[in-house]
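A short write-up of the structure that comes next.
What follows draws every value from the coordinates through simple rules; no lab data is involved. Just so you know, these numbers come straight off a predicted model, no measurement behind them. Reconstructed Cβ throughout: ideal geometry from the backbone, glycine too, with neighbour counts over all protein chains shown.
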């Protein structure tokens, strides 16, 4: 028996429900609306009145305070809730969404737990990041065995609105993705913060230092994207022995910056696994 699909090949029949209406949900909804998905095809469950009003005003979508019968029409349910609230929300929602495909963007919560709470095997996990807010995100996706090819296409149509994505064959790698790209924007902002402050300390205005630091990250990232060469080669080309870049990188090496940074990412991966253990118990 074939697995049910989520609407037509171009997505014009999809009914998409969001459980949680925060930043990530807003990013996806905004992308869907720009892509031409009608407001009537989208509904959101969001308990906070202020956020409810914001979603209605910004996107014109239906927003409900709690799960209800309207969710029965959803072909795809996007879970954009905090890990610690996922289970309670799922147990309240499951009776209305038995025929839907489910896409989780919650960190740490494993698909075994989601499938158990929702009483369905049609579950996809995603780890997006905050540049999704401007359509420049990068996500990793994992699908359980019951997810069909058409289901995958439905998920891709949604996630493409936030930026690029990759599929993973092993769910455990999502913890590494969380540490690398999920938390990654914060690392970039951290380094920009340090570069701006150093620029100010050396006499530049904060506005000048900010523009230079952000422009450097954007340009370097685009160069890395456009190049077929690995980053170590690109770095070497900027680093003349005895020059200014060499002095900076030598200082970083002496302080073990690379090793410390890698340790920090491993700490993030461990915390992602802990979230699954802590909030994913069935």
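With the contact rule set at Cα under 8 Å and sequence spacing of 6 or more, what percent relative contact order holds for region 16-171?
21
Could you compute the FRET efficiency for residue 145 and residue 245, with r as their C-beta to C-beta distance and R0 at 51 Å, rounded to 0.05?
Numbers: r = 49 Å, r/R0 = 0.96.
With a Förster radius of 51 Å, E is 0.55.
Round to the nearest 0.05 the FRET efficiency obtained for residue 218 and residue 171 when R0 = 30 Å and r is the Cβ-Cβ distance.
Given R0 = 30 Å and the Cβ-Cβ separation, E is 0.40.
Once both axes come from the Cα atoms, what is the angle between helix 184-201 and the longest principal axis of the chain, in degrees from 0 to 90, rounded to 10?
30
May I ask for the angle, rounded to the nearest 10°, between helix 23-35 and the longest principal axis of the chain, with both axes built from Cα atoms and the value confined to 0 to 90°?
That works out to roughly 80 degrees.
Name the most mobile residue of 36, 60, 242, meaning the one with the largest mean-square fluctuation, in a Gaussian network model of the chain with Cα contacts below 10 Å.
Most flexible of the set in this elastic network: 242.
Please work out which option in (1) 0.98; (2) 1.08; (3) 1.03 gives Rg/Rh (Cα atoms, Kirkwood Rh) calculated from these coordinates, and answer with its label.
Derived directly from the coordinates: (3).
How far apart, in nm, are the 7 Å Cα→Cβ label points at residue 38 and residue 91?
3.8
Remind me, relative contact order of the chain in percent, using alpha carbon pairs under 8 angstrom and six or more residues apart? Before the final figure, lay out each step's value.
Numbers: 420 pairs, mean separation 47.6, N = 282.
Reported relative contact order: 17 percent.
Taking neighbour counts of Cβ atoms within 10 Å as a proxy for exposure, in what order, fewest first, do 139, 227 appear?
227, 139
Within region 122-247, what percent of beta bridges assigned by DSSP are antiparallel, to the nearest 5?
Among the beta bridges of region 122-247, antiparallel pairing accounts for roughly 45 percent.
Of the candidates 68, 21, 182, which one comes out as most mobile in a Gaussian network treatment of the chain with C-alpha springs shorter than 10 Å?
Residue with maximal mean-square fluctuation among 68, 21, 182: 68.
Please give the helix 206-226 orientation as an angle from the longest Cα principal axis of the chain, in degrees from 0 to 90, rounded to the nearest 10.
Here the helix axis deviates by roughly 70 degrees.
Out of all DSSP beta bridges in the chain, what portion is antiparallel? Express it as a percent rounded to 5.
The antiparallel fraction comes to roughly 15 percent.
Where the centre of each part is set by its Cα atoms, how far does region 34-108 sit from region 123-198, in angstrom?
19
Using Cβ counts within 10 Å as a stand-in for footprinting exposure, how do 169, 112, 164 rank, fewest first?
169, 164, 112
Provide 127, 262, 202, 195 in ascending order of the number of other Cβ atoms located within 10 Å of each residue's Cβ, fewest first.
Starting with the residue having the fewest Cβ neighbours, the order is 202, 262, 195, 127.
Using the basic label-point model (7 angstrom from Cα toward the beta carbon), what is the residue 255 to residue 53 distance in nanometres?
Each label point lies 7 Å from its Cα, and together they span 4.6 nm.
Name the most mobile residue of 30, 184, 199, meaning the one with the largest mean-square fluctuation, in a Gaussian network model of the chain with Cα contacts below 10 Å.
Checking each option, the largest mean-square fluctuation is seen for 199.
Which parts of region 196-218 would a label at residue 235 reach, counting a residue when its backbone N lies under 19 Å from a point 7 Å out along Cα-to-Cβ?
Residues 216-218 fall inside that zone.
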